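First comes the structure, then the notes that go with it.
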Amino acid sequence: MSQTCILQTDRLTIRQLTTDDTAFIIELVNSPGWLQFIGDRHIHTPEQARYYLENGPIVSYAQRGYGLYGVGIKPGSTLIGMCGLIKRDTLPQPDIGFAFLPDYIGKGFAFEAARAVRTYAHEQLGLSVLYAIVLPQNKSSIRLLERIGLAYIEPFQQGDTELLLYGSEQKN
């Protein structure tokens, strides 16, 4: 399946995910950080990963023109994480999300990808407001959100989970 590149940074390629990315999805959604801070999605087989991709990121690209993207490290663009935009029914504007494989955490890749996606959302998609939701104990993600210019707004309830809502308005 062809891959649509959305963005490039000095070290990263950010592209649409495809159903060819099932092995990566299985590894990412079962990594310790994902399980701790995002939750168990019960994706353990290629079929489950394909379903997740087809009914999550891929349908979002078609319906909204954006979604969660695969983040690859150059030169070969091997996927090391995800970063992108999610439109939730509970928020008036999209929120930015990111997750990386354990070997690539703490090396600036998430910041580089999130900053690029935030700029893309404003400049290419015309989104002046972005949100993010995060668990209060996820201190590294909170720091990253603040580094890309999002600020704490208020507590945010999602089901049984109390999260923190961050947001920002991009000034022209």
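Structure notes:
- Given (1) among the charged types (D, E, K, R); (2) under 14 Å from A113 (Cα atoms); (3) under 15 Å from the mean Cα position of the chain (by Cα), index of the condition R88 fails: (2)
- Qualifying residues in region 147-168 (those that are crowded, with 17+ Cβ neighbours inside 10 Å and not hydrophobic (A, V, I, L, M, F, W, C)) - the one nearest to P32 (Cα to Cα): Y166
- Applying a threshold of 8 Å to beta carbon distances and a minimum spacing of six or more residues, or different chains, the list of pairs starting in region 41-57 at a residue that is farther than 11 Å from A23 by Cα and ending at one that is among the polar types (S, T, N, Q) and in a helix (DSSP H, G or I) reads H42/Q48; L53/T19; L53/T22; E54/T19.
- Selection count, region 113-142, where residues are of a type in the set (D, E, K, R) and under 13 Å from G167 (Cα atoms): 1
- The set of residues in region 58-79 being among the β-branched types (V, I, T) and without any contact (Cβ under 8 Å) to a residue 60 or more places away in the chain consists of I58, V59, V71, T78.
- In region 69-78, the condition of being over 28 Å from Q157 (Cα atoms), at pLDDT 95 or above, in contact with a Cys (Cβ under 6 Å, 6 or more places away or on another chain) and buried (at least 22 other Cβ atoms within 10 Å of the Cβ) is met by at least one residue.
- Condition check for L144: buried (at least 17 other Cβ atoms within 10 Å of the Cβ), over 20 Å from F24 (Cα atoms) and more than 15 Å from the chain's Cα centre (by Cα): no
- Set T9, T78, T4: member being out of contact with any strand residue (DSSP E or B) (no Cβ under 9 Å at 6 or more places or on another chain) and either of a type in the set (V, I, T) or under 21 Å from F111 (Cβ atoms) (or both): T9
- Residue that is farthest from P92 (Cα to Cα), among those in region 116-133 that are in contact (Cβ under 8 Å) with a residue 60 or more places away in the chain and under 12 Å from the mean Cα position of the chain (by Cα): A116
- Enumeration of residues in region 129-150 that are of a type outside the set (V, I, T) and either farther than 13 Å from I96 by Cα or touching a Pro at 6+ places or on another chain (Cβ under 9 Å) (or both): L130, Y131, L135, P136, Q137, N138, K139, S140, R143, R147
The values are calculated or read from the model by the stated rules, or taken from the named source; none is laboratory data. Note that the structure is a prediction, hence the values are computed from the model and not measured. When we count neighbours, we look across all protein chains shown, and the Cβ atoms used for this are built from the backbone with ideal geometry, even at glycine.
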